[in-house]
Amino acid sequence: MAERTPTLDQLRVFLAVVERGSFSGAADALDRAQSVISYTIGNLEAQFGFALFERGRRRPVLTEAGRAVLADARRVDLLVSELAARAEGLAKGLEGEVSLAVDVMYPSAALVPVLQAFAVQFPTTALKLKMEALGGVLKLVLDGESGFGIAGPQGSWPDQIDAVPAGAIVLEVVAAPSHPLAQFEEQIPITALREHTQLVLSDRSRMTEGRDFNVYSTRTWRLGDLDAKHRLLVAGLGWGSMPSHIIEQDLANGTLVRLALADRGRLIYPFSLIRRLDFATGPATEWLMERFRDASRQMVQQPAQAPGI
């Protein structure tokens with residue numbers, strides 16, 4: 001049995017061939033000769049006792065057995081990378097800087113107290129905070145520009161991302177009181193929504209490219225800034241959804257009014273605390289993530305409906 005146990009290096013060569021689509025591509029990625037890549041794959045197949053790639057093809061095509069091995073190889077690689085990252089974090093001690101990315105929808109009432117406590121607990125550690133919309137947080141974490149993030153709804157997460165629930169907020173669908181949709185006394189049918197300009201928060205990254213979240217109207221204005229969207233809503237230039245904690249005063253003084261959509265009631269926008277499994281986290285980062293987990297318990301939990309933006 002021991003003779004059939006693959007090494008981590010063999011599995012990573014196998015993964016490189018799959019991801020690069022060729023033996024030569026894997027050789028370039030790993031800075032090795034193509035003959036070494038071929039030799040390693042041949043040895044791995046001999047150890048397993050079956051072929052990983054179909055022979056006689058111009059480019060490597062996985063066999064059925066190869067596809068089964070692929071999932072396990074990726075899981076092993078991630079686990080080893082996570083172990084190495086954790087060991088690195090323990091060895092290096094306190095970080096000189098902590099970086100995080102936060103979704104623009106995340107309430108400041110939850111964010112600010114955590115950061116105030118962080119400043120007291122780690123006075124010598126610098127903090128780099130970036131605020132992004134939609135897939136922007138995920139991109140910063142994937143690219144390694146932020147050590148962790150509080151992201152909005154994504155649908156599915158890449159394999160290298162660990163994600164845990166981090167609370168949720170309520171979104172209100174609103175318009176200025178002078179807007180035609182505000183004149184409806186009953187629930188507004190979708191056909192009416194489509195006739196008026198919808199103000200939609202856009203993603204400055206490409207993580208959600210080609211996808212819309214609860215966009216009803218055939219006419220939209222795309223905005224990359226939540227504050228700009230708020231201002232245009234108040235000005236009566238369209239309708240759209242906003243976090244309830246941001247427009248609480250507008251609803252109280254009547255500068256914005258709620259719109260009752262026929263197909264749903266409240267809109268729930270869930271957050272996830274995300275990090276890369278293969279990146280090291282030091283004690284300050286771990287402390288900060290734990291405080292955000294605590295803060296999430298005070299927010300709306302277990303979203304009952306899909307998010308609207």
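The values are calculated or read from the model by the stated rules, or taken from the named source; none is laboratory data. All of these numbers come straight from a predicted model, not from anything done at the bench. So basically every Cβ, Gly included, is an ideal-geometry build from the backbone, and we count neighbours across all protein chains shown. SASA here: full protein model, heavy atoms, side chains in, ligands and nucleic acids out. Shrake-Rupley method; radii C 1.70, N 1.55, O 1.52, S 1.80 Å.
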Filtered residues of the stretch 25-82 (kept if of a type in the set (Val, Ile, Thr) and more than 31 Å from the chain's Cα centre (by Cα)): 36, 37, 40, 41, 63
Residue under evaluation residue 173, criteria (1) closer than 20 Å to residue 296 by Cβ; (2) open to solvent by 10 Å² or more (accessible area, probe 1.4 Å); (3) in contact with a Gly (Cβ under 9 Å, 6 or more places away or on another chain); (4) among the aliphatic types (A, V, I, L, M), criterion not met: (1)
One residue from 76, 80, 61 being in contact with a strand residue (DSSP E or B) (Cβ under 7 Å, 6 or more places away or on another chain) and either modelled with pLDDT of 85 or more or under 30 Å from residue 296 (Cα atoms) (or both): 61
Pairs, first small (Gly, Ala, Ser) in the stretch 96-123, second open to solvent by 10 Å² or more (accessible area, probe 1.4 Å) and outside any loop (DSSP other than H, G, I, E, B), C-beta under 7 Å, six or more apart: 96/126; 99/128; 101/130; 101/132; 101/140; 109/245; 110/295; 117/291
Any chance residue 160 is open to solvent by 30 Å² or more (accessible area, probe 1.4 Å), touching a Ser or Thr at 6+ places or on another chain (Cβ under 9 Å) and over 30 Å from residue 248 (Cβ atoms): yes
Residue selected from the stretch 83-99 under the condition in contact with an Asp or Glu (Cβ under 9 Å, 6 or more places away or on another chain) and surrounded by 15 or more Cβ atoms within 10 Å (Cβ to Cβ), by the criterion modelled with the lowest pLDDT: 89
Sole residue being of a type in the set (Val, Ile, Thr) and outside any helix (DSSP H, G or I), chosen from 76, 164: 164
Residue match in the stretch 100-110 (condition: surrounded by fewer than 17 Cβ atoms within 10 Å (Cβ to Cβ), out of contact with any helix residue (DSSP H, G or I) (no Cβ under 7 Å at 6 or more places or on another chain) and modelled with pLDDT of 90 or more): yes
Tally, over the stretch 289-309, of residues that are more than 18 Å from the chain's Cα centre (by Cα) and modelled with pLDDT of 85 or more: 4
Pairs with Cβ under 8 Å, 6+ apart, first in the stretch 164-184 and without any contact (Cβ under 8 Å) to a residue 40 or more places away in the chain, second open to solvent by 30 Å² or more (accessible area, probe 1.4 Å) and not in a strand (DSSP E or B): 180/196
